[in-house]
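Taking it in order: structure first as structure tokens, then the write-up.
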Amino acid sequence: MANNQYIATNGKVQRSIDIIGSKSISQRAIWAATFSNGTSEILNPSNCQDVTTLLDIIKNLGAKVEKRANKILIKGISNFVGRDYNNLLIDCNESGFCLRSALPILAANGSNVLICGKQSLMARNIGNEINEIGHCVNYNSTEYNYSIVDVLKPGVLNFENPESSQLISGLLYALPLLQTDSIIKIDNPVSMPYISMTIDVLKSFHINIKSTTLTDYIISGNQEYIPTKYIVEGDFSGAAFFAVAAAISGELELNNIRNNSIQGDQAILDILKSVGADLEYTENSIIIKQNKLLPFKYDATDTPDLFPPLVVLACNCDGFSIIKGVNRLLEKESNRRDALINEFSKLGAKISYKDDEMFVEGTLLSGAEVDSNNDHRIAMALAISALNSRGNILINNSDSIHKSYPGFYTQLESIKR
């Protein structure tokens, strides 16, 4: 196997495995700890690239970070709003959450900060989202960076048809640091489970976000982040690939996840149950067994990270499946819509889309040489699709998994028989 290539083979899966800590929750807990006046302890954090990127960012801002076995200690910045960060460079690497959340957070400080990232990230069009928070940043299309040009002001912030929830999550961290109250109003929101996740994490650090409706929030100013010990639950976005692997080819016990999770991607459990997979729940694990699978229809608008494993599931269902929410895929690490269609078509999948829906006909896949398109979730989907394929699948640019699940291939190989 060459560098940055992975050969995925067919076979059955059978074992008990531990799911890594949630990337999304780890990032949210890290931001909250950054503004706490004292030291917070984050247990079971994800060790993925995006989390490392955020840790580098907060260290650059002045937080003290100490990594220990399965925990991170963070001594926060008590005077964040008053600090001088002029001419500081913040590198978001390839993390969309780091970029979108950092923009309003750094605007709350108001220093002239330059925010950059890898070109694939900076090429994403988030100008419309930025305009809705009061023109706090300018986008330099020549140098591929953002710079803070004004201080974030409290008040009423209206979002109409936001393309992502991440910038709103950043506001939920920033607005409590300001002196007076603010209101966020959202029309036609997307990814609401991620906003709920942010609010849940903030509550653990004693930040109160009041909800007058499901999409209107009152944020009191002059709140104080209190350091805490926070336990990160297992990552459902990553676990979804192993859950599908078990449903299509074997039996697995997934540890460190629970069926009452705050993560929206726990919806994978309901989907698997609806198509006929056998599920058994314990207090901190879920057992999933292969069965004859029926086609399904699912709206993934609020849970777009489930799209890649759902395509694999649909390929193994007996009939046509429909997955809605295609428009949420266009500006991920890749154009995930085109990547799924192009790469799975190489394997013999019958897959197409129209408007906001993707259509997948269940079919036996073949081996082939494919490419992750530098997208971690495409790589993981291609890897588990080999379980029932008629040949090996050679995945180029396979190292993209480090963005969210660096040990994915090792765990996958450990459960095959």
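The values are calculated or read from the model by the stated rules, or taken from the named source; none is laboratory data. Note that the coordinates shown come from a computational prediction; the quantities given were computed from them, not determined experimentally. Methodologically, a virtual Cβ is constructed for each residue, glycine included, from the backbone with ideal geometry; neighbour enumeration extends over all protein chains shown. With ligands, DNA and RNA removed, areas are computed over all heavy atoms of the protein, side chains included. Shrake-Rupley method; radii C 1.70, N 1.55, O 1.52, S 1.80 Å.
Just to make sure I understand: if all protein chains stay in place, what is the order of 258, 100 by accessible area at 1.4 Å, largest first?
Details: 258 75, 100 20 Å².
Reading off the accessible areas and sorting them downward yields 258, 100.
Using C-alpha pairs under 8 Å with a sequence gap of at least 6, the mean separation divided by the residue count of the chain gives a relative contact order of 19 percent.
Estimated at the nearest 10 Å², the accessible area of residue 59 is 100 Å² with a 1.4 Å probe. Rounded to the nearest 20, the size of the Cβ-charge dipole of the stretch 182-263 about its Cα centre is 260 debye, with Lys and Arg at +1 and Asp and Glu at -1. With all pairs of separate Cα atoms included, the stretch 259-413 yields a Kirkwood hydrodynamic radius of 15.8 Å.
Shape call for the stretch 347-417 from the C-alpha gyration tensor, a ≥ b ≥ c root eigenvalues: rounded (a/c under 1.5), prolate (a/b greater than b/c) or oblate? Oblate is the answer for the stretch 347-417, as a/c is 1.5 or above yet b/c matches or exceeds a/b.
Of all the Cα-Cα pairs you can form in the chain, what percent are over 35 Å apart? Please list the in-between numbers first.
Working: 23095 of 86736 pairs.
Counting pairs separated by more than 35 Å, the tail of P(r) holds 27 percent.
The 1.4 Å probe gives accessible areas that order 338, 84, largest first, as 84, 338. Taking every alpha-carbon pair under 8 Å whose residues sit at least 6 apart, the stretch 335-388 reaches a relative contact order of 32 percent. Provide the net charge surrounding residue 347, with neighbours chosen by a C-beta distance below 15 Å and charges set as Lys +1, Arg +1, Asp -1, Glu -1. Combined, the nearby Lys, Arg, Asp and Glu give -1. Taking all protein chains as shown and a probe of 1.4 angstrom, residue 297 keeps an accessible surface of around 150 Å². Taking the longest Cα principal axis of the chain as reference, the axis of helix 336-346 is set at about 20 degrees.
Over all other residues within a Cβ to Cβ distance under 11 Å of residue 309, the charged ones net out to -1, with Lys and Arg as +1 and Asp and Glu as -1.
Secondary-structure-derived ellipticity at 222 nm for the chain, considering helices only, amounts to -9000 deg cm²/dmol, per-run term -39500 (n - 2.57) for DSSP H runs with n ≥ 4.
When +1 charges are put on Lys and Arg Cβ atoms and -1 charges on Asp and Glu Cβ atoms, the dipole computed for the chain relative to its Cα centre reaches about 740 debye.
The angle separating the long axis of helix 236-249 from the principal Cα axis of greatest extent in the chain is about 10 degrees.
A straight chain from residue 37 to residue 226 at 0.36 nm per residue would run longer than the Cα-Cα distance by 67.4 nm. To the nearest ten degrees, helix 96-109 and the longest principal axis of the Cα atoms of the chain are 10 degrees apart. Note on surface exposure: 417, 377 rank 417, 377 by accessible area, highest first, 1.4 Å probe. To the nearest 10, the accessible area of residue 98 is 0 Å² with a 1.4 Å probe.
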